[in-house]
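**Q** Below you'll find the structure I mean.
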Amino acid sequence: SSRASAVLSALDIPTTPTELPGVYDGEWKGSGDLLQSVCPATGEVLADVKSASPAELHGALERTREAYIYFRSIPAPRRGDIIRQIREALAAKRDELGALVSLEMGKIRTEGVGEVQEFVDICDYAVGLSRTMNGRVINSERPGHTILEGESDRFRFILAHPCCPVPNPLGVLGVLSAFNFPVAVYGWNLAISMAAGNATIWKPSPTTPLCSIAVTKIVSGVLEKNNVPGAVAGLVTGGKDVGEALTQSRDVDMVSFTGSENVGRIVGKSVQSRFGKVLLELGGNNAAIVMPDADLSLAVPAVFFGSVGTAGQRCTSTRRLYLHRAIAPEFLSRLRTLYASPALRPGDPLDPRTLLGPLHSRAALDIFDNAIAELKAADAHILVGAGQDGGRYEDLPAPLDRGHFVRPTIAAPRSKPGPTSALWTTERFAPVLYVAEFDELEEAIEWNNAVPQGLSSSLWTRDVRHVGKWIGPAGSDAGIVNVNVGTSGAEIGAAFGGNKSTGWGRESGGDAWKQYVRWSACTINFSDEAPLAQGVNFTP
Ligand code: NAD
């Protein structure tokens, strides 16, 4: 359609021929299985992408290793300058790339553009890191000795600059990403990985290949201009097979995986079994707790965005809502008003007025349908959304009638939240919000923690004593513990990630960069004696 061609041509993606090469390792190629890119709002086939054959994957891994050997010797601040140029190139295409995210993934325009902005932001952060990724100098218990934590093999360099050890690059980073953030998750990884001096190879979701091609074109353009091998930021599109091959390859020093708990469990074991490094960003089952003293004019819209935004397909989406009994009727009545708002009708995600985009795929529809069937089988009270129609819109105009639109749903299960109820403990990656009422904060915190996942959590209160409990040792056990801020979304400045079955990984800001480098403790003896530590005497 002209709508799709306008978005694609603005990003230099040809619309004819319709089969595009989906592998980049310095050159574009692809002769593996065809991946189909489909617009989830209209069902239109956008392109077929030729994924990586096993031989192409093997070749790409070789190019990536060569690129790493080149890139690790570039001084970090110079690497930072290249990241700065990538930032500029991305910012120049922010709206166009954001539109492609909406077209291919299905999230609404403002969120698509926001996702590209996140990549821009993390580039800024990584430019700064390129001048501040330092190790430490540690006091030694032995006279005339210095311990440098960070540097490992450039001893002469250290002796010339004894106060300035730097952590070393790690090698090749493999990034496996999910469909719901087809740009930002790669951005978080690539920017930090480049600052660290690694080469990165990306296996995106098989249903968002065009986003990965567009991003790789922008990044490789900058690399070429700087005479840096393109395989510093390589791309291998493909499905499970390509993912498995990357995971198992000893040429990949670290795997950064974002996706479901089920696949993460396989990936984690596989990388661990070869003693590779692995970073896991898995499912979330995030709760918001609302106390009677909360400011409802802030809390209600935040829960609304958290549960309906991105059609419930964020890892940080609000899935569980725990309301204090005193405010529950008032809160739900206000929330229902927002759910019933005429602005919340299905629309083209590219139209700036649209608030409700489609689910991403048929598989995503199945997840929603199963969640509703399970609620009905458990005789849950459906407060809003999936009624007799099963949550589908029957009367949408063409071409949206072929889109994967569903009614955002609120349900009150009969079973009490707790570790044994599958309704409460499983992530349903769809716009379904599960509600329960509590009497004491302690009970709500117990429910918050009584799930395997530990990504995001949010408490709404004006009472500082509640805040103390919530962020303390008996508080929320999630990786993101918010107060008067919803569960959904995050800034790049803080390390992002979750605990427990969310995988314990941390990406983006904070100290996350420390995982992308190789650490060494180097004790250097500047003296004419060679004493053993702890006073051990080994003189014959
Ligand atoms: P998914 O697990 O189905 O797929 C993720 C990636 O793994 C894809 O690239 C896929 O091709 C690949 N893959 C599939 N099988 C594989 C295997 N056996 N070996 C190696 N790779 C394999 O996830 P999805 O449906 O694309 O994304 C939704 C999930 O991602 C949700 O659970 C969501 O919570 C999670 N997610 C988490 C975060 C986070 O930061 N914690 C962010 C976004 C999404």
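**Q** In whole Å, how far is the Cα centre of region 104-153 from that of region 464-540?
**A** If we compute the Cα centre of each part, the gap is 13 Å.
**Q** For region 62-115, what is Rg from Cα atoms divided by 2.2 N^0.38 Å, rounded to two decimals?
**A** This ratio for region 62-115 stands at 1.57.
**Q** Karplus couplings for region 260-267 from phi (6.51 cos²θ - 1.76 cosθ + 1.60, θ = phi - 60°), rounded to Hz, Gly and Pro as x?
**A** Coupling constants for region 260-267: 7, 4, 4, 6, x, 5, 5, 5 Hz.
**Q** What do the square roots of 5 times the Cα gyration tensor eigenvalues come to for region 180-316, in whole Å, largest first, as semi-axes of the equivalent ellipsoid?
**A** 33, 20, 14
**Q** Report the percentage of all Cα-Cα pairs in region 30-77 whose separation exceeds 18 Å, rounded to a whole percent.
**A** Details: 633 of 1128 pairs.
In whole percent, the share of Cα-Cα pairs in region 30-77 beyond 18 Å is 56.
**Q** Right, something else. Near LYS376, which lysines are there with a Cα under 22 Å away, not counting those fewer than 8 places off in the same chain?
**A** LYS416
**Q** For region 13-109, what does the accessible surface come to per residue with a 1.4 Å probe? Please give it in Å².
**A** 40 Å²
**Q** Still on this structure, please answer the following. Quick one: which residues, 5 or more positions from THR316 or on another chain, have an amide H under 5 Å from its amide H? H modelled 1.01 Å from N in the peptide plane, none for Pro or chain starts.
**A** Here GLY489 satisfy the definition.
**Q** Right, here's the next one. Around LEU455, which amide H atoms from residues at least 5 apart in sequence, or from another chain, sit under 5 Å from its own amide H, with H modelled in the peptide plane?
**A** Here ASN285, GLY479, ASN499 satisfy the definition.
**Q** Add -39500 (n - 2.57) for each DSSP H run of 4 or more in the chain, then divide by its residues: what number comes out at 222 nm, to the nearest 500 deg cm²/dmol?
**A** My calculation for the chain gives -11500 deg cm²/dmol from helical runs alone.
**Q** So, one more: List the pairs from LYS29/LYS240; LYS50/LYS277; LYS469/LYS514; LYS203/LYS514 whose alpha-carbon separation is above 27 Å, in the order I gave them.
**A** Table pairs above 27 Å Cα-Cα are LYS50/LYS277; LYS469/LYS514.
**Q** Separate question: Quickly rank 524-536, 110-122, 126-138 as a protection proxy: mean count of other C-beta atoms within 10 Å, highest first.
**A** Ranking the peptides 524-536, 110-122, 126-138 by packing returns 110-122, 126-138, 524-536.
**Q** Of all the accessible heavy-atom surface of the chain, with the other protein chains kept in place and a 1.4 Å probe, what percent is carbon and sulfur?
**A** 54 percent
**Q** I want to check the label-to-label distance for SER5 and ARG78. Put each point 7 Å from Cα in the C-beta direction and report it in nm to one decimal.
**A** Taking the two extended label points, one gets 4.5 nm.
**Q** Ratio to report: Rg/Rh of region 372-491, with Cα atoms as the point set and Rh obtained by the Kirkwood method; give two decimals. Working shown, then result.
**A** Details: Rg = 17.0 Å, Rh = 16.3 Å.
Radius of gyration over Kirkwood radius for region 372-491 works out to 1.04.
**Q** Another question about this same structure. Going toward the positive end of the dipole of the chain, with +1 on Lys and Arg Cβ and -1 on Asp and Glu Cβ, which of VAL435, SER457, SER527 do you reach last?
**A** It is SER527, whose Cα lies furthest towards the positive end.
**Q** Tell me, what is the percent relative contact order of the chain, built from C-alpha pairs under 8 Å that lie six or more residues apart?
**A** Across the chain, relative contact order equals 17 percent.
**Q** Take the Cα atoms of region 17-131, find their three principal axes, and give me the spread along each one in whole Å, biggest first.
**A** 47, 39, 17
**Q** How large is ³J(HN,Hα) for each residue in region 17-22, as worked out from phi by the Karplus curve 6.51 cos²θ - 1.76 cosθ + 1.60 (θ = phi - 60°), to whole Hz, x for Gly and Pro?
**A** Running phi through 6.51 cos²θ - 1.76 cosθ + 1.60 with θ = phi - 60° gives x, 7, 9, 10, x, x Hz.
**Q** What is the spread of the Cα atoms of the chain along each of their three principal axes, largest first, in whole Å?
**A** 84, 62, 37
**Q** Still on this structure, I have one more. In Å³ and rounded to a whole number, note down the convex hull volume per residue for the Cα atoms of region 431-539. Each step should come with its number before you reach the end.
**A** Numbers: hull volume 23.8 nm³, N = 109.
Dividing the Cα hull volume of region 431-539 by its residue count gives 218 Å³.
The values are calculated or read from the model by the stated rules, or taken from the named source; none is laboratory data. The structure displayed is predicted, hence computed values, not measured ones. In this analysis, Cβ positions are derived from the backbone assuming ideal geometry, glycine residues included, and neighbour counts consider all displayed protein chains. With ligands, DNA and RNA removed, areas are computed over all heavy atoms of the protein, side chains included. Shrake-Rupley method; radii C 1.70, N 1.55, O 1.52, S 1.80 Å.
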